[in-house]
Amino acid sequence: MKWRKIGQIFKFDESPFKNRFISHAQSPQAIVFDDFVRVYFSTRKKDISGKFLSYVQYVDYNKKISKIINFSNDEVIKLGKIGCFDEHGIFPFSPLQYKGKIFAYTNGWTRRVSVDIDSSIGFAISDDNGETFNKLGDGPILTSSLFEPFLIGDPFVKVYNKKYYMFYIFGEKWIVDSKVKNPERVYKIGYAISNDGLNWEKRNKKIINDILGEDECQALPTIIKIRNQYHMFFCYRQAIGFRETKDKGYRIGHAYSDNLKDWIRNDSSCSIKLSKDGWDSKMQCYPNVFECNDKIYLLYNGNKFGENGFGLAILDY
Amino acid sequence: MKWKKLGKIFTPQKVKKKYWLKNFAQGPSTLIFDDFIRVYFSCRPNPDKDGKFVSYSAFVDLDKNDLFNIINISQKPVINLGGKGCFDEFGTYPISVIREKEEIWAYYGGWTRCESIPFNTAIGFAKSIDNGVSFKRLGPGPVLSYSINEPFNIGSARIRKFNDIFYLFYVSGEKWVIVNKKPEMLLKIRMATSSDGLNWKKHNKNLIKDDDNHNESQASPDVFYHNNLYHMFFCNWLPSSFRKTKSRKIGYAYSTDLINWIRKDENIGIDISSKGWDSEMIAYPHVFTVNNKIYMFYLGNEVGKYGFGLAELEGYLK
């Protein structure tokens, strides 16, 4: 299994979004239509206090993913009302095509006082082929619980054998360290199961082994079935120093499973390396794998968490 | 029904040498022992430099034969505050307990601070193996949290067990309303059921019909079984005006099945006093039986800043 890089396919500062938003195109996630591929991502605005909010937009590509053919012009999904879990942003936004409908699982976040943020997972439905989404309610469908106390987020949902599987992350701790100004989070990948996509049973289990020690942060799982095996891609990093130090920043990891429950981590067999220079030379994060015209693609962000867009790779196998 | 006020039982300002117990004795709830009754309440140290409070839960023990006789005060809070970033980092208030075999189980409101609104709450769970003197959490997160139709402010929990099923009566935030440029919470009474006390199924409906203008907040749903009926005493107020009127009230409803409730606030039979510690509000009731008498603890002015008092039911509750 080897990823062949196609390169940066979306540059924020050369897009029409730069007139409406300030920066970023983070966590690209694709759904495939008959004639085009739609890639949702989260971008940013500033509020009156100067702090940022994250909003969902999309860009459409031809089926070869070689050309941009359309951009979202309007609001794709509203941010939450005052006090709601998604008041300050939706990032990431994970679409699901199932039985002819388009749903979205959202990572809503809100600002806290003693720590930067908290997050929970919301649910929305589209009635217009994925152009806009309406939430089913003001609250989340998956949030903190007895053994997963905070930072529930990064949902990715697939239906296998009529069961819904959600892979997501949960916070384990906030590290207070004299070397950093604000507490830094540690989160891990877990999963939940559902019969209807709405009512979820958490398995309360960390499913991916750490390779950087117990403070490894794991984020944004994405799953694809290739032949008879399930493959998960995700990103991981050190808990402290990841913003400024290249060696501590996000990399893309890989694990495989025969049953979606037990995962074997195997970063080396399927890794995608940092480029020598350019847009993904310091960091690679927020992967999304999808299939289009019998090819398997990987969307991901590069340096600075996707400040200036995202790139694409194709699987040779 | 008619309640006879007996007077104030506990005044936090009289307690010395406990930095964490300076003001407030809120959300009283009882645990009955052979010789005494243990009354849990929530209290606060002085505010921090930004004027913000944390809240702790503690107890006083009252002589069963003379409820005005305080025989013991908890040496320290019954549960510590939650860890960094947790739902209960800034408060454990209120607390409601139930005896379960040899243990005491507690359900409490955990408080965290937010940016756009002052706080958010969810319900935590802890156990005691020393008769309710100290409690330990089962995990760092909440046992009842937000959901699609209960987006925030899950709290004010009361734990009960009827016919071997656990019932949690609690409130959920419906929205934050802006009054004089400040967000005020609009809360409604809700219910969840459980067979094990840990895994809860939400009923997902308001239990108590709103007052006429639908702008009321409800809290403290205290359910009491007596004479083949379930009686609920609760607290209600108007977010639009309570800062000015300083008023909160006690409401009443009854039910035969715990699901359908008939509201009869006019039957409550207790009101504010003309002067003194409960002249502005009576709020956050808790009803219990001791020595075959039915009593109510309730808070007075400034939501229990100066403690809680006692009333005794005259006649029958039916």
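Longer than 29 Å from Cα to Cα, which of A:Lys67/A:Lys225; A:Lys101/A:Lys246; B:Lys64/B:Lys205; A:Lys46/A:Lys304 are they? Say none if no pair is. Please list the in-between numbers first.
Working: A:Lys67/A:Lys225 27 Å; A:Lys101/A:Lys246 41 Å; B:Lys64/B:Lys205 38 Å; A:Lys46/A:Lys304 18 Å.
The pairs that break the limit, which is 29 Å between Cα atoms, are A:Lys101/A:Lys246; B:Lys64/B:Lys205.
Projected onto the charge dipole of the protein assembly as shown (+1 at Lys/Arg Cβ, -1 at Asp/Glu Cβ, origin at the Cα centre), which of A:Val186, A:Trp263, A:Phe41 gives the Cα projection farthest towards the positive end?
A:Val186
Chymotrypsin sites (Phe, Trp or Tyr not before Pro) within region B:14-91: which are DSSP loop residues with at most 13 other Cβ atoms inside 10 Å?
Details: sites: B:Tyr19, B:Trp20, B:Phe24, B:Phe33, B:Phe36, B:Tyr40, B:Phe41, B:Phe53, B:Tyr56, B:Phe59, B:Phe68, B:Phe87, B:Phe90; in loops: B:Tyr19, B:Trp20, B:Phe33, B:Phe53, B:Phe87, B:Phe90.
Within region B:14-91, the qualifying chymotrypsin sites (Phe, Trp or Tyr not before Pro) (loop, at most 13 other Cβ atoms within 10 Å) are B:Tyr19, B:Phe33.
Kirkwood Rh over Cα pairs of region A:131-173 into Stokes-Einstein at 10 °C, 1.306 mPa s: D in µm²/s? Could the numbers behind the result be given before it?
On the way: Rh = 12.3 Å.
Taking Rh from Cα pairs, D becomes 129 µm²/s.
If one computes the Cα centroid of region A:250-303 and of region B:75-91, what distance in Å separates the two points?
40
Per Stokes-Einstein, at 37 °C and 0.692 mPa s, what whole-number D in µm² s⁻¹ belongs to chain A, with the Kirkwood radius over Cα pairs as the hydrodynamic radius?
Working: Rh = 19.6 Å.
It comes out at roughly 168 µm²/s.
Taking the Cβ-Cβ separation of A:Phe147 and B:Asp35 as r and a Förster radius of 30 Å, what is the calculated FRET efficiency to the nearest 0.05? Write down the numbers at each step before the final one.
Values: r = 38 Å, r/R0 = 1.28.
In this case the efficiency is close to 0.20.
Could you work out the Rg to Rh ratio of region B:2-314, with Rh taken as the Kirkwood radius (inverse of the mean 1/r over all Cα pairs)? Each step should come with its number before you reach the end.
Details: Rg = 18.0 Å, Rh = 19.5 Å.
That ratio is 0.92, to two decimals.
Mind jotting down the three principal axis lengths of region B:113-200 based on Cα atoms? Whole angstrom, largest first.
Computed over region B:113-200, the largest-to-smallest principal extents equal 46, 27, 20 Å.
Nearest 500 deg cm²/dmol is fine: what mean residue ellipticity at 222 nm does chain A get from its DSSP H runs of n ≥ 4 alone, each adding -39,500 (n - 2.57), divided by its residue count?
Values: 1 runs with 4 residues, N = 317.
Here the helix-only value at 222 nm equals 0 deg cm²/dmol.
Looking at region B:1-107, I'd like the Rg to Rh ratio, where Rg is from alpha-carbon atoms and Rh is Kirkwood's inverse mean 1/r.
1.00
Between their Cα atoms, which of A:Lys11/A:Lys63; A:Lys63/A:Lys248; B:Lys76/B:Lys101; B:Lys22/B:Lys318; A:Lys45/B:Lys182 are more than 27 Å away from each other? Each step should come with its number before you reach the end.
Working: A:Lys11/A:Lys63 19 Å; A:Lys63/A:Lys248 36 Å; B:Lys76/B:Lys101 25 Å; B:Lys22/B:Lys318 39 Å; A:Lys45/B:Lys182 24 Å.
Checking Cα-Cα distances, A:Lys63/A:Lys248; B:Lys22/B:Lys318 exceed 27 Å.
Using Cα pairs under 8 angstrom and six or more residues apart, how large is the relative contact order of chain B, in percent? Please list the in-between numbers first.
On the way: 847 pairs, mean separation 52.6, N = 318.
With pairs under 8 Å counted, the relative contact order is 17 percent.
Tell me, how many Å apart are the Cα centres for region A:129-192 and for region A:40-116?
15
What is the ratio of the Cα radius of gyration of the protein assembly as shown to 2.2 N^0.38 Å, with N the residue count, to two decimals? Provide the component values of the computation, followed by the final result.
Working: Rg = 27.0 Å, N = 635, 2.2 N^0.38 = 25.6 Å.
Relative to the 2.2 N^0.38 Å estimate, the protein assembly as shown comes out at 1.06.
Based only on the alpha carbon positions, what is the Kirkwood hydrodynamic radius of region A:204-295, in angstrom? Don't skip to the end; give the middle numbers.
Details: mean 1/r = 0.0710 Å⁻¹.
Here the Kirkwood hydrodynamic radius works out to 14.1 Å.
Students often get this wrong, so check it: of A:Lys188/B:Lys202; B:Lys14/B:Lys188; A:Lys5/A:Lys181; A:Lys163/A:Lys261; A:Lys81/B:Lys181, which have C-alpha atoms separated by over 25 Å?
Working: A:Lys188/B:Lys202 28 Å; B:Lys14/B:Lys188 34 Å; A:Lys5/A:Lys181 37 Å; A:Lys163/A:Lys261 13 Å; A:Lys81/B:Lys181 16 Å.
Result: A:Lys188/B:Lys202; B:Lys14/B:Lys188; A:Lys5/A:Lys181 exceed 25 Å.
List the cysteines of chain A that have no other Cys Cβ closer than 4.7 Å: which are they?
So, A:Cys84, A:Cys217, A:Cys270, A:Cys292.
Using square roots of five times the C-alpha gyration tensor eigenvalues, list the equivalent-ellipsoid semi-axes of region A:102-185 in whole Å, biggest first. Show your work: numbers first, answer last.
Details: eigenvalues 169, 47, 22 Å².
So the equivalent ellipsoid measures 29, 15, 10 Å along its semi-axes.
Counting C-alpha atoms alone, how compact is region A:182-230: give Rg to one decimal and Dmax as a whole number, in angstrom.
When restricted to Cα atoms, region A:182-230 yields Rg and Dmax of 13.9, 45 Å.
In peptide B:136-146, how many Cβ atoms from other protein chains are near each Cβ within 10 Å, on average? Intermediate results must be reported in sequence, preceding the final value.
Numbers: counts 0, 2, 2, 6, 9, 11, 7, 2, 2, 11, 10.
Going residue by residue through B:136-146 and averaging, the value is 6.
What percent does the relative contact order of region B:169-271 come to when contacts are Cα pairs within less than 8 Å and at least six residues apart?
With pairs under 8 Å counted, the relative contact order is 20 percent.
Give the average, rounded to an integer, of partner chain Cβ atoms located within 10 angstrom of each Cβ in A:79-85. Can you show the working numbers first?
On the way: counts 0, 2, 5, 9, 14, 9, 4.
Averaged over the peptide's residues, the number is 6.
For peptide B:113-120, how many partner chain Cβ atoms fall within 10 Å of a residue's Cβ, on average? Please list the in-between numbers first.
Working: counts 4, 8, 10, 10, 5, 2, 2, 6.
Neighbouring Cβ atoms belonging to other protein chains average 6 per residue here.
With a cut-off of 8 Å between alpha carbons and a minimum separation of six or more residues, what is the relative contact order of region B:93-252 in percent?
14
Tell me the Kirkwood hydrodynamic radius of region B:56-95 in angstroms, computed as one over the mean inverse distance between distinct C-alpha pairs.
On the way: mean 1/r = 0.0851 Å⁻¹.
Hydrodynamic radius (Kirkwood, Cα only) of region B:56-95 equals 11.8 Å.
Every read-out reported here was derived from the displayed coordinates using simple, explicitly stated rules and does not represent laboratory data. Values in this document were obtained by computation on a predicted structure and should not be read as measured data. Because the Cβ atoms are built from the backbone with ideal geometry, glycine has one as well, and the counts that use them run over all protein chains shown.
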